[in-house]
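Down below is the structure, laid out as structure tokens.
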Amino acid sequence: MEETEARWTADQVLALAPDTASRTAGARLAAPAPWSGTGASRTAVWGLCAGSGSRPYQTAVDLTGPAFACSCPSRKFPCKHALGLLLLWAAGDGGPVPEGAAEPEWAEQWTAARRKKAAEAAASAPPPVPGQAGQEAARKRADRRAVRVEGGAAELEQRLTDLLRGGLAGSDRAGYQQWDEIAARMVDAQAPGLATRVRELGAVAGSGGDWPSRMLEETGLLHLLARGFLGRQRLPAPLAETVRTRIGFTVDSAELLAGPLVRGQWLVLAQYDSADERLTTRRIWLYDGASGRFALVLSFGAAGRAPELALPVGSVLDAEVAFHPAAVPLRAVLGARYGTGLPEAVPSGIGVGQALDSYGTALADDPWLDAWPVLLTDVVPLPGRDRWHVADATGDAAVPLLGSQHWRLAAISGGHPVTLFAEAGATGLRPLAGWTRASPRPIPL
């Protein structure tokens with residue numbers, strides 16, 4: 001693995017952008033004209049960017065996080081100034097962002113404060129175990145919530161029974177009000193996971209195509225989740241934990257990081273955001289080639305704000321992760337990081353048929369799985385009349401690709417077999433990263 005000071009590529013920088021507008025604005029600032037006082041060390045990049053005010057914006061990036069600081073009023077992380085500075089730095093050695101320059105006091109104070117905070121967090125003792133009275137109070141709160149969720153699950157079962165008894169044919173004309181009402185009842189029952197799935201179920205009605213079949217399938221999964229919680233005492237422990245997670249119960253990150261931990265060389269495969277009116281969710285996929293294990297790190301931001309955690313796609317983290325308990329352990333919390341580097345080779349994957357088999361096995365363990373990571377080797381993207389597919393180089397197996405803008409994957413391939421990372425779902429693969437023959441770094445798709 002290469003050393004930390006290796007410069008990022010422009011693709012890695014742009015993958016950190018919280019949205020398209022920031023990506024475009026950052027690219028406009030990737031020129032020397034608005035910048036002064038720039039410099040870089042092994043762990044940081046800094047500079048002053050001229051703005052609309054009389055004083056330039058102070059912008060700094062901690063490469064070990066990465067973390068971002070800027071005196072501009074933007075609420076986005078990273079802001080356009082941080083993106084522009086990183087793009088300028090990524091353009092080449094020396095030039096507008098010289099290596100080894102003296103770090104200005106304002107940047108040094110910020111990076112020093114980050115190091116001090118990290119050291120204090122590492123040295124701090126674990127929180128004291130609450131006394132017997134505190135443990136008893138926590139147990140009673142958990143018991144009260146479980147009773148409320150059980151009531152909500154039982155009510156949802158009855159609602160779904162009534163829906164199926166009346167038939168699905170008229171659901172597209174019934175309007176969304178009934179689904180909002182049921183979702184609100186699940187929120188009252190402290191079961192946010194059920195509420196989210198109810199809203200998604202309501203959106204299926206009248207969504208085009210064979211929507212009654214999709215609605216029946218989603219209704220069955222929702223019913224299975226409610227029944228699973230009501231009968232959780234009879235489930236194997238990993239499956240019971242999966243049900244609790246899908247219902248909306250959470251596990252404190254500090255509790256997970258208390259152990260067990262898995263240390264590895266985690267390649268950042270992909271990173272993307274999704275948002276609704278309440279929350280922005282960032283999904284970051286990691287892969288440890290030595291063990292062949294994937295990890296999904298989630299980061300959240302309030303509505304309209306990007307999550308703070310951002311990892312450059314294509315970097316390799318020497319880090320520890322802690323997996324959430326589940327029948328299919330995928331979601332993880334990122335723990336201590338010991339170094340950052342770049343990949344030395346394209347990771348090895350599997351064929352399309354093997355990937356579909358692995359997805360089927362995962363679904364058997366977790367029927368509510370929304371996405372399954374697959375790393376495919378020697379596959380070829382093929383355009384079709386209605387949609388694109390990827391097929392094994394031998395042509396023995398193929399699977400449809402979700403979406404329609406697959407020109408970048410086609411450009412990477414050039415008609416030849418490529419390595420592809422994607423999320424497998426019920427209707428096909430969502431391509432997220434690909435590799436050319438010339439570089440071991442993944443290219444975001």
- Residue, farthest from Glu157 (Cα to Cα), within region 232-251, restricted to residues that are charged (D, E, K, R) and surrounded by 16 or more Cβ atoms within 10 Å (Cβ to Cβ): Glu241
- In region 35-57, which residue that is in contact with a His (Cβ under 9 Å, 6 or more places away or on another chain) and not hydrophobic (A, V, I, L, M, F, W, C) is farthest from Ala310 (Cα to Cα)? Gly51
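Quick check on Arg430: is it in contact with an Asp or Glu (Cβ under 6 Å, 6 or more places away or on another chain) and outside any helix (DSSP H, G or I)? Give the steps one after another, and end with the answer.
On the way: in contact with an Asp or Glu (Cβ under 6 Å, 6 or more places away or on another chain): yes; outside any helix (DSSP H, G or I): yes.
Considered against the rule, which asks whether it is in contact with an Asp or Glu (Cβ under 6 Å, 6 or more places away or on another chain) and outside any helix (DSSP H, G or I), Arg430 comes out as yes.
Listed here are the residues, each with its yes/no results for (1) touching a residue at least 12 places away in the same chain (Cβ under 8 Å); (2) assigned to a loop (DSSP other than H, G, I, E, B).
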site	(1), (2)
Arg148	yes, no
Glu155	yes, no
Thr161	no, no
Leu168	yes, yes
Met186	yes, no
Leu201	yes, no
Leu216	yes, no
Thr219	yes, no
His223	yes, no
- Given Ala438, Ala410, which one is in a loop (DSSP other than H, G, I, E, B) and not β-branched (Val, Ile, Thr)? Ala438
- Considering region 271-291 alone, what residues qualify as being over 22 Å from Pro444 (Cβ atoms) and either at pLDDT 85 or above or not hydrophobic (A, V, I, L, M, F, W, C) (or both)? Asp276, Glu277, Arg278, Ala290, Ser291
- Does region 66-99 hold any residues that are under 18 Å from Thr9 (Cβ atoms) and small (Gly, Ala, Ser), and which are they? Ala82, Gly84, Ala90, Ala91, Gly92, Gly94, Gly95
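Residue-by-condition table, conditions (1) at pLDDT below 90; (2) in a loop (DSSP other than H, G, I, E, B):
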site: Ala30; (1), (2): no, yes
site: Thr59; (1), (2): no, no
site: Gly65; (1), (2): yes, yes
site: Pro73; (1), (2): yes, yes
site: Phe77; (1), (2): yes, yes
site: Ala82; (1), (2): no, no
site: Trp89; (1), (2): no, no
site: Asp93; (1), (2): yes, yes
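The values are calculated or read from the model by the stated rules, or taken from the named source; none is laboratory data. None of these values were measured; they are calculated from a predicted model. As a convention, Cβ positions derive from the backbone with ideal geometry for all residues, glycine included, and neighbour counts pool all protein chains shown.
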